[in-house]
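The values are calculated or read from the model by the stated rules, or taken from the named source; none is laboratory data. Every value quoted in this text rests on a predicted model; they were computed, and no experiment measured them. Every residue, glycine among them, receives a Cβ derived from its backbone with ideal geometry; neighbour counts consider all protein chains shown. The protein model used for the area step is the full one, side chains on, heavy atoms only, and it has no ligands, DNA or RNA in it. Shrake-Rupley method; radii C 1.70, N 1.55, O 1.52, S 1.80 Å.
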Amino acid sequence: MDLLWTEDDERFRTELRAWIDQALPKLPPATKREDWDARRARDTTWQRMLYDAGYAGINWPADFGGRGAALSEQLVFYEEITKAGAPDVGVNFVGLLHAGPTIIAEATDEQRARHLPAILKGEEVWCQGFSEPSAGSDLASLRCRAVRDGDDYVISGQKIWTSFAQVSDYCELLVRTDPDAPKHKGITWLILPMDAPGVDVRPLRTVIGSSEFSELYLDDVRVPVANRVGAENDGWRVAMVTFSFERGTSLVSEMVEARRQLDELVKVAKVVTRGSATAWDDVGLRREIGHAAAELDALWNMVKRTVSEAARTGVPGVGASVVKLYYTELIQRIGDLALRVLDRASLSLDDVFEHSGHFVEERLRVLALTIAAGSSQIQRNIIGERILGLPR
Amino acid sequence: MDFTLTDDQVALQEGVRKLCEGRFPMERVRALADAGGVDRDLWRELADAGVFSLRLAEADGGAGLGTAEGALVFEELGRALVPGPLVWTHLAAGLVPGAAEGERVVGGLQRQEEPFLVEYPDAIDVLLAVDDDGVWEVDRSRLSARPVSWPLDPLTPAHVAGGLLRGERRGVPGDAARWRLEGAVLTGAYLLGMAAALTDMSVTYAKERQQFDKPIGSFQAIKHILADMFVRTEVARAAVYAAAVNLDEPALGPPGRAVAGAKLLAGEAATLNGKAATQVHGGMGFTWEVDVHLYLKRAWVLDTTFGTADDHADAVAGLLGS
Ligand SMILES: Cc1cc2nc3c(=O)[nH]c(=O)nc-3n(C[C@H](O)[C@H](O)[C@H](O)COP(=O)(O)OP(=O)(O)OC[C@H]3O[C@@H](n4cnc5c(N)ncnc54)[C@H](O)[C@@H]3O)c2cc1C
């Protein structure tokens with residue numbers, strides 16, 4: 001067991017930090033809440049800057065335009081990006097974190113050549129069309145129908161909760177191609193161009209008040225058979241590959257950010273007043289913050305363990321589900337602590353004092369984490385059945 | 001950075017697990033309650049396996065291994081619920097003659113812990129007290145001691161002691177500070193092993209026990225309790241191993257925060273898993289016959305040694321934002 005970064009890792013960190021320091025000021029400032037086009041422009045500009053500097057697709061194989069970095073370098077990358085306050089994967093989290101990797105693993109050479117460089121250069125933004133109104137946790141019961149017609153599939157149905165659909169160019173879409181087969185056996189994974197005729201995006205309003213996700217109505221949308229990834233009716237298996245990436249990597253930068261936020265919260269607690277003292281003088285509150293910090297430290301080490309296991313064996317260990325379940329519930333408790341520290345300032349999403357609004361917004365945002373990408377209940381089922389071997 | 005066990009570490013872990021399975025089956029562990037918690041022959045076998053001398057330099061008769069290896073060994077001892085003042089004797093190896101070889105059984109306590117409950121009073125040869133000024137060998141002849149007729153944990157017999165005297169110095173303040181950190185990590189590792197054992201025994205029971213014509217493990221209410229037991233244990237494992245590595249590797253920075261987090265999370269994993277295991281076992285869980293209570297009681301005992309959960313949460317908080 002070795003937790004020391006290697007000299008290579010440290011050299012990489014120094015280089016990266018120097019690059020971020022000069023690159024970040026060139027990026028346009030953060031955008032207004034509902035200005036999605038500006039948000040896309042900013043996120044893709046940053047992606048292009050990463051690409052030009054050789055930092056795009058940090059964990060993608062070099063053959064596909066990535067950096068092919070060692071797993072430890074990937075952690076260093078996320079640490080430095082987040083510490084510097086540089087943009088996260090942003091609106092293209094689907095393209096960068098799971099559609100891209102799925103294409104690497106499962107697609108044809110033509111599909112790879114068509115999409116992978118474009119994703120890395122910030123030219124293509126992707127969304128995920130998996131969930132439907134009647135197929136959430138029970139995703140395999142999805143109904144969105146695709147019927148073969150010559151060289152096309154003709155698709156009709158509805159998707160829901162499609163994050164960033166309004167700024168996406170492509171969608172990883174799960175459709176039902178064989179309604180008579182058992183539910184896991186009649187699904188196909190397709191690449192849907194969002195500008196195809198018959199695609200209708202209708203934004204939904206989240207608890208934050210913004211329209212981060214949408215409904216997707218598909219009405220006789222024609223998609224070439226050439227856009228299929230994997231075999232017809234083999235889409236469930238491909239979707240599992242997508243999930244392994246989604247659950248494996250998407251929380252890493254989130255977690256680094258959480259550590260930064262917790263430090264920030266402590267700073268706030270040390271200055272907000274409670275009678276003649278500060279919130280930090282409240283022994284109960286302080287103890288709970290200490291407790292949460294210990295848990296977050298442990299989870300970060302758990303990530304290192306998972307990453308190390310993956311580097312050794314090629315597959316992520318039990319870590320991914322454990323980290324997803326524990327982290328998402330922990331970050332909500334940390335959000336509760338933030339509201340307790342802010343006290344009456346928590347009534348406002350505008351800053352009452354420095355960053356106070358951000359904590360309130362975060363408390364709302366993290367409500368989604370125990371639901372999206374496999375709810376906490378589903379994670380517990382997975383751990384119980386697949387890891388502990390309990391009967392269904 | 002490679003946070004997986006080396007082949008040597010895996011071999012060590014397996015070796016100690018086999019030793020525990022062979023020499024400390026639960027019937028024998030239970031029987032030790034009548035022997036004051038320690039059987040001299042078994043204690044020497046632990047010593048021969050290197051449990052106490054593991055971290056001493058090879059020149060001093062040890063194996064020259066680190067706290068990481070110590071944690072792996074103590075995790076296995078905890079899994080098997082091996083009783084006795086294992087951590088204290090391990091810490092005393094090299095300072096108290098005979099400790100490393102298993103010739104003398106060394107117990108201990110923190111001087112701040114009033115009232116003073118001396119564990120394993122009939123088994124120990126030497127009683128140490130740790131305070132900010134160092135490590136002291138207590139003169140037990142000058143100690144008033146009232147036996148506890150009914151200890152919480154039948155495998156942790158105790159005396160209530162009065163008028164604790166300092167006695168002879170065995171270690172300097174630096175030793176005391178180091179012992180607190182190492183003691184917390186090794187106790188955390190022991191608790192980690194207990195948490196894992198509780199998960200295993202509960203999962204096994206939930207697969208066997210049938211109600212409503214099904215194994216109770218098929219009910220989500222039970223399945224989710226078991227999933228949480230597993231998750232808690234794995235998170236504690238990351239914390240304990242990381243703290244141990246941190247103690248071995250000065251370049252990783254001061255170990256205080258990692259150590260506090262490790263003892264905190266391992267203690268909670270063991271106590272929460274003890275309570276959960278009782279629930280999963282139903283009425284059986286409330287019997288003397290089923291082992292769950294022995295683990296839960298030990299978890300409560302160990303939560304009071306080398307810092308409580310609250311102490312450690314406060315310690316982490318104290319190191320935040322600084
Ligand atoms: C912010 C956000 C962004 C999202 N983005 C996307 C996206 O981009 N693309 C996409 O395809 N989807 C997306 N989703 C959808 C997400 O994957 C689903 O919400 C999730 O799978 C849960 O499905 P559901 O909402 O239908 O809830 P349901 O499945 O109806 O669940 C309701 C409740 O029942 C529980 N439950 C369900 N089944 C079981 C069971 N077997 N055992 C125990 N409890 C159970 C759940 O845990 C939950 O508490 C997003 C969701 C959110 C919140």
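In region B:111-135, which residues are within 14 Å of B:HIS159 (Cα to Cα) and among the small types (Gly, Ala, Ser)?
The one that is within 14 Å of B:HIS159 (Cα to Cα) and among the small types (Gly, Ala, Ser): B:ALA123.
Just one of the numbered conditions (1) open to solvent by less than 30 Å² (accessible area, probe 1.4 Å); (2) more than 14 Å from the ligand (Cβ to nearest atom) is not true of A:ASN233; which one?
(1)
For region A:225-246, check the following and say yes or no: at least one residue is assigned to a strand (DSSP E or B) and out of contact with any helix residue (DSSP H, G or I) (no Cβ under 8 Å at 6 or more places or on another chain).
yes
In region A:156-182, how many are away from the ligand (no atom under 15 Å from the Cβ) and outside any strand (DSSP E or B)?
Count: 6.
How many residues are under 17 Å from A:GLU212 (Cβ atoms) and either open to solvent by 50 Å² or more (accessible area, probe 1.4 Å) or not assigned by TED's automatic domain parsing to the domain that holds A:ARG259 (or both) if we restrict to region A:319-363?
Final tally of qualifying residues: 3.
Hey, does region B:59-67 have a residue that's of a type in the set (S, T, N, Q), away from every other protein chain (no Cβ under 14 Å) and surrounded by 22 or more Cβ atoms within 10 Å (Cβ to Cβ)?
No, because not a single residue in region B:59-67 is of a type in the set (S, T, N, Q), away from every other protein chain (no Cβ under 14 Å) and surrounded by 22 or more Cβ atoms within 10 Å (Cβ to Cβ).
Give me the residue from region A:187-216 that is part of a strand (DSSP E or B) and polar (S, T, N, Q) and, out of that set, nearest to the ligand (Cβ to nearest atom).
Ranking the candidates gives A:SER214 first.
Applying the selection to region A:237-267, what residues are surrounded by fewer than 21 Cβ atoms within 10 Å (Cβ to Cβ) and farther than 24 Å from A:THR370 by Cβ?
A:ARG237, A:VAL266, A:LYS267
Return the pair list, or none, for Cβ contacts closer than 7 Å from residues in region A:72-87 that are outside the structural domain of A:ALA310 (by TED's automatic domain parsing) and open to solvent by 20 Å² or more (accessible area, probe 1.4 Å) to residues that are part of a helix (DSSP H, G or I) and at pLDDT below 85, at least 6 apart or on different chains.
Once the first residue is outside the structural domain of A:ALA310 (by TED's automatic domain parsing) and open to solvent by 20 Å² or more (accessible area, probe 1.4 Å) and sits in region A:72-87, its partners that are part of a helix (DSSP H, G or I) and at pLDDT below 85 give A:TYR78/A:VAL252; A:TYR78/A:SER253.
For region A:367-377, name all the residues that are farther than 17 Å from A:ILE160 by Cα and either more than 6 Å from the ligand (Cβ to nearest atom) or buried (at least 18 other Cβ atoms within 10 Å of the Cβ) (or both).
Of everything in region A:367-377, those that are farther than 17 Å from A:ILE160 by Cα and either more than 6 Å from the ligand (Cβ to nearest atom) or buried (at least 18 other Cβ atoms within 10 Å of the Cβ) (or both) turn out to be A:LEU367, A:THR370, A:SER376.
Going by what's in this entry, would B:VAL240 be described as in contact with a strand residue (DSSP E or B) (Cβ under 9 Å, 6 or more places away or on another chain) and open to solvent by less than 30 Å² (accessible area, probe 1.4 Å)?
No.
Restricting attention to region A:232-261, which residues are closer than 19 Å to A:GLN128 by Cα and of a type in the set (A, V, I, L, M, F, W, C)?
A:TRP236, A:VAL238, A:ALA239, A:MET240, A:VAL241, A:PHE243, A:PHE245, A:LEU251
So which of A:ILE382, A:ILE334 is away from the ligand (no atom under 16 Å from the Cβ), within 14 Å of another protein chain (Cβ to nearest Cβ) and within 23 Å of B:ALA236 (Cβ to Cβ)?
Step by step, each of A:ILE382, A:ILE334 is checked, and only A:ILE334 is away from the ligand (no atom under 16 Å from the Cβ), within 14 Å of another protein chain (Cβ to nearest Cβ) and within 23 Å of B:ALA236 (Cβ to Cβ).
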